[in-house]
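Down below is the structure, laid out as structure tokens.
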Amino acid sequence: MDNDIIEFTNYLKQNKISLKLIERFKIYHSVLNEKSQRLNLISKNSLEKIWSAHFLDSILICDKINFSNKTVLDFGSGAGFPGIPIKILYPTMKIYLIESVRKKVLFLRYLLEKLDLQESNVINNRIENLDISFDDVFDFVLVRAVRMKYVYYKKCFDLLKRNGEIIIYQSENFHNQVEDFRKKYPNKNVRIISNLHPIKGIRKYIIIKND
């Protein structure tokens, strides 16, 4: 068994998560192998390390946040990270994957069908263009591969329920992003949480509450 899969399996064991879920992740991996190169979803190098680079990295936040029975928006979902791996772990979670690129939207719909994930929706749109029917709907907005702008923050606060949270996965410009946000929204509750993993190292997240 590949070392990446072993590490991923160990994580599930340590957190008392059913190993039966591995089968869904294997289907996910298979679909990515089938579609990724043609659709330019993730790099070849990244695909070779999918279990640690994307699957594990997506779900480490679950050590800190319980997504059971929550309604979650994955902003800029792309190949489905982090929303779909988290959804696999939390079947009672309702997930919305928003993606503006049509070919990626078609991939996500195909993937969800293959994984047979209920309460999962794909939105082909830009987040700032979502209509008011989505306001006050979400408990969490997940952001893993999007450079946040003022217009995105503003829209996320409309979409979130009161006390809902934006969860931003650490990026290279992590500290600048926090400073820029605090300048624009000095009264917002912002915290940074960390998670230490033997393979991934320290993973940090910016958590912004809609209070």
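We did not get these values from a lab; they are worked out from the coordinates using the rules stated. What you are looking at is a predicted structure, and each value in this text was computed from that prediction instead of being measured. All Cβ positions, glycine included, derive from the backbone under ideal geometry; neighbour counts span all protein chains shown.
For the chain, the longest principal axis of the Cα atoms and the long axis of helix 102-115 meet at an angle of about 50 degrees. Farthest towards the positive end of the charge dipole of the range 120-190, among the residues Asn189, Asn129, Val178, is the Cα of Val178, using unit charges on the Cβ of Lys, Arg, Asp and Glu. For the range 168-211, the Cβ-based charge dipole about the Cα centre amounts to some 120 debye (Lys, Arg positive; Asp, Glu negative; other atoms uncharged).
As a rough footprinting exposure proxy, the listed residues Lys49, Lys184 were ranked by other beta carbons within 10 Å of their own, and the order from fewest upward is Lys184, Lys49.
Each Cα pair under 8 Å and six or more residues apart adds its separation to the average, and for the range 1-133 the resulting relative contact order is 21 percent. Between the helical axis of 3-14 and the dominant principal axis of the chain, each derived from Cα atoms, what acute angle in degrees is found, rounded to the nearest 10? Tilt of helix 3-14: around 70 degrees. Could you tell me whether the range 104-211 comes out rounded, prolate or oblate from its Cα gyration tensor? Rule is a ≥ b ≥ c as square roots of the eigenvalues, rounded for a/c under 1.5, then prolate if a/b exceeds b/c, otherwise oblate. It comes out oblate by the Cα gyration axes. Note on the range 1-149: dipole from Cβ charges, positive end direction compared against Tyr90, Ile22, Leu73; the farthest Cα belongs to Ile22.
The ranking of Ser77, Ser36, Ser133, Ser43 from fewest to most other beta carbons within 10 Å of each one's beta carbon is Ser133, Ser43, Ser36, Ser77. If the label point is 7 Å along Cα→Cβ of Arg191, which residues in the range 151-165 have backbone nitrogen under 16 Å from it? Residues 163-165 fall inside that zone. Between the Cα long axis of helix 150-159 and the first principal axis of the chain there is an angle of about 80°, rounded to the nearest 10. Segment Lys183..Asp2, full-extension length gain: 60.6 nm, with 0.36 nm per residue of separation and the alpha-carbon distance subtracted.
Karplus-derived 3J(HN,Hα) values for the range 188-194, using 6.51 cos²θ - 1.76 cosθ + 1.60 with θ = phi - 60°, are 7, 7, 10, 9, 10, 10, 10 Hz; glycine and proline are entered as x.
Peptides 195-202, 108-115 ordered by packing proxy, namely the average of other Cβ atoms within 10 Å per residue, highest first: 108-115, 195-202.
A simple charge model with +1 on the Cβ of Lys and Arg, -1 on the Cβ of Asp and Glu and nothing else charged puts the dipole of the range 106-209 at about 540 debye relative to its Cα centre.
Each label point was placed 7 Å from the Cα along the Cα-to-Cβ direction; for Asn125 and Glu23 their separation is 3.6 nm.
Could you tell me whether the range 1-143 comes out rounded, prolate or oblate from its Cα gyration tensor? Rule is a ≥ b ≥ c as square roots of the eigenvalues, rounded for a/c under 1.5, then prolate if a/b exceeds b/c, otherwise oblate. Because a/c hits 1.5 or more and a/b fails to exceed b/c, the range 1-143 counts as oblate.
Placing +1 on the Cβ of every Lys and Arg and -1 on the Cβ of every Asp and Glu, with no other charges, gives the chain a dipole of roughly 260 debye about its Cα centre.
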